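**Student:** Below you will find the structure I want to go over with you.
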Amino acid sequence: MRKQFPNDFLWGTATSSFQIEGAASPEERGESIWDRLCATPGKVANGATGEVACDHVNRYKEDVALMKSLGVKSYRFSLSWPRLFPECDKSANTKGLDFYNRLIDELLVAGIEPAITLFHWDLPQRLEDEFGGWTSREVAKRLGDFGAWAGKQFGDRAKRFFTTNEFYCFTERGYGIGEFAPGRVESDKVRNQARHNGLLGHGYALQGLRACGHKIEAGVVDNVITHVPVIETEENIAAAREAFRHENAPYMTAVMEGRYIESYVESQGDAMPEVQDGDFDIISAPMDFIGYNLYTGEYVQACDNKLGYEVLEMPEGYPTMKAPWIKILPSVMYWSARYTKECWSDRPIYIAENGCGQHDVMNGHAKVMDVDRVFYLREYLSHMHRAIDEGYNIGGYYLWSLMDNFEWCDGYDTRFGMVYTDFENQTRTPKLSAEFYSEVIRGNALV
Ligand code: GBH
């Protein structure tokens, strides 16, 4: 059956500043915590850096033209905070400001809606050095100021803003596990404070954006963990819904429910963060939409224990993309929307990222025939269609990513693009998956 999407459905693609921009010399921008991590031996595969990446600052016109040729309707990109405020003081870097102004104008001329992420992990190193990064409330406040400023500068032309991207990655992975920048391994209490300050950062950013003076829409992006009933019995469906709330307790559940739920408080004991009066009013202020990054998920079954559910382990050999964390579970597109409505809210959801990492290679005809990615995308999109068909409020979808780019600790080895980037000479070549996506957009349907 032909799966038609709503007329105004927003088909997009996403990137982030550090992963594509390059132009990283001190004349261009300030240092970010990811520059510092890249310079630390052993942290990033093959010593990769963001110095050149996709050289997007110099090639943005070509990249916008590419999106236009694919029929993309909205482009989600992030602002490099250290490019705009290299000294973290009051004066913005005009070169950086010019760049984003020109990018936005180019998008508008191409008929592509700009969608701006304020913070996608490239924190100015100065804010790490001076305040301790996300372990400090001050940094959350600074993001609020940055949001107010960015809204004022760009909100006349960009109407959609995302506050922060994926709490888990810039708090827990940065200050708990220590794999991501700034690479710190702290106590559970400090990690939980970083988590809390991350939520506050979103809240202050939302406040700042609301006060910018332009009519814009704003919401958060989180990589919410999505729980799928392993067999769709009533018991399992209820159990997976509870798992969805409890397993996201430090992040989305706190934003949507305006508190830390009991199971989280209990599990963290003495390590609970300091919460000040009014924090949760800021954190849980109503958003215009919710952004979810969905790549994978977890199976759940009902269980006769305290929480009433059990998360099932993925057996070895479960279908997985080349990036080993991407266990293929397309129905997260459906269950995340359904549980969000049942637990929290019916405001629109934007899938702010979905995609998969492979080790794509060009064939003898200079083509990347990524039938694996086409398969993955088709499955996820068809479950997204099911959700929309059943009345869940999904307003748009951003494919991660426009082009192969700096994949954090994996460097340039794992490719997420629908467009192949040759990092030797910066040529961009649409893969088969780009043709597939373009066809989906053109027909506004899966056939
Ligand atoms: C998103 O993160 C990011 O927003 C984006 O910048 C990134 O390029 C994209 O996805 C692809 O990765 O310890 O085995 O779980 C997705 C969430 C969380 C995925 C951390 C990788 C580490 C591997 N990421 N995870 S593992």
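**Student:** What are the principal axis extents of the Cα atoms in the chain, in Å, biggest first?
**Tutor:** Computed over the chain, the largest-to-smallest principal extents equal 58, 54, 45 Å.
**Student:** Could you tell me the distance between the Cα centroids of the range 77-149 and the range 186-234, to the nearest Å?
**Tutor:** Each part reduced to its Cα centre gives a spacing of 18 Å.
**Student:** Using a Gaussian network model of the chain whose springs link C-alpha atoms within less than 10 Å, name the residue from LEU79, LEU307, LEU143 with the highest mean-square fluctuation.
**Tutor:** LEU307
**Student:** Do you know the relative contact order of the range 46-171, to the nearest whole percent, from alpha carbon pairs under 8 angstrom that are 6+ apart?
**Tutor:** Relative contact order for the range 46-171 comes out at 27 percent.
**Student:** If the cut-off is 21 Å between C-alpha atoms, which lysines fall inside it for LYS90, apart from same-chain ones fewer than 8 positions away?
**Tutor:** LYS141, LYS152
**Student:** Fully extended, how many nm does the chain gain between ALA366 and ASP129 (0.36 nm per residue separation, minus their Cα-Cα distance)?
**Tutor:** 80.8 nm
**Student:** In Å, the Kirkwood hydrodynamic radius of the range 235-331 over pairs of distinct alpha carbons?
**Tutor:** 15.7
**Student:** Something else: Is it possible to state the helix-based mean residue ellipticity at 222 nm for the chain, with each DSSP H run of 4+ residues giving -39500 (n - 2.57), the sum divided by total residues, to the nearest 500 deg cm²/dmol? What is it?
**Tutor:** Per the formula, -11500 deg cm²/dmol.
**Student:** Given a 1.4 Å probe and every protein chain left where it sits, what share in percent of the accessible area of the chain is carbon and sulfur?
**Tutor:** Within the chain, the accessible surface is 49 percent carbon and sulfur.
**Student:** Related question: How many Å² of accessible area per residue for the chain, probe 1.4 Å?
**Tutor:** Computed with neighbouring chains in place, this is 39 Å² per residue.
**Student:** Same structure, new question: In whole Hz, with x marking every Gly and Pro, tabulate ³J(HN,Hα) for the range 351-357 from phi via Karplus 6.51 cos²θ - 1.76 cosθ + 1.60, θ = phi - 60°.
**Tutor:** In residue order, the calculated couplings are 6, 7, 7, 7, x, 8, x Hz.
**Student:** In addition: Would you please report the Å³ per residue occupied by the convex hull of the alpha carbon atoms in the range 325-447?
**Tutor:** 120
**Student:** For a 21 Å ceiling on Cα separation, which of these pairs sit above it: LYS3/LYS73; LYS95/LYS215; LYS327/LYS367; LYS61/LYS95; LYS3/LYS431?
**Tutor:** Result: LYS95/LYS215; LYS327/LYS367; LYS3/LYS431 exceed 21 Å.
**Student:** Also: If you average the sequence gap of Cα pairs under 8 Å that are 6 or more apart and divide by the length of the range 262-379, what percent do you get for the contact order?
**Tutor:** 27
**Student:** Further question: Looking at the chain only, what percent of DSSP beta bridges run antiparallel? Nearest 5 please.
**Tutor:** So the antiparallel bridges in the chain amount to around 25 percent.
**Student:** If you take every residue apart from ASP188 with its C-beta less than 11 Å away from the C-beta of ASP188, what net charge results, scoring Lys and Arg +1 and Asp and Glu -1?
**Tutor:** 0
**Student:** Pull out a ≥ b ≥ c, the square roots of the eigenvalues of the alpha-carbon gyration tensor of the range 1-132, then state rounded if a/c is under 1.5, prolate if not and a/b is larger than b/c, and oblate in the remaining case.
**Tutor:** prolate
**Student:** When the Debye formula is applied to the Cα atoms of the range 137-227, each taken as the same point scatterer, what base-10 log of I(q)/I(0) results at q = 0.11, 0.12, 0.19 Å⁻¹?
**Tutor:** Listed by q, the Debye log ratios stand at -0.34, -0.40, -0.83.
The values are calculated or read from the model by the stated rules, or taken from the named source; none is laboratory data. What you are looking at is a predicted structure, and each value in this text was computed from that prediction instead of being measured. Reconstructed Cβ throughout: ideal geometry from the backbone, glycine too, with neighbour counts over all protein chains shown. All accessible areas refer to the heavy atoms of the entire protein, side chains included, with ligands and DNA or RNA removed. Shrake-Rupley method; radii C 1.70, N 1.55, O 1.52, S 1.80 Å.
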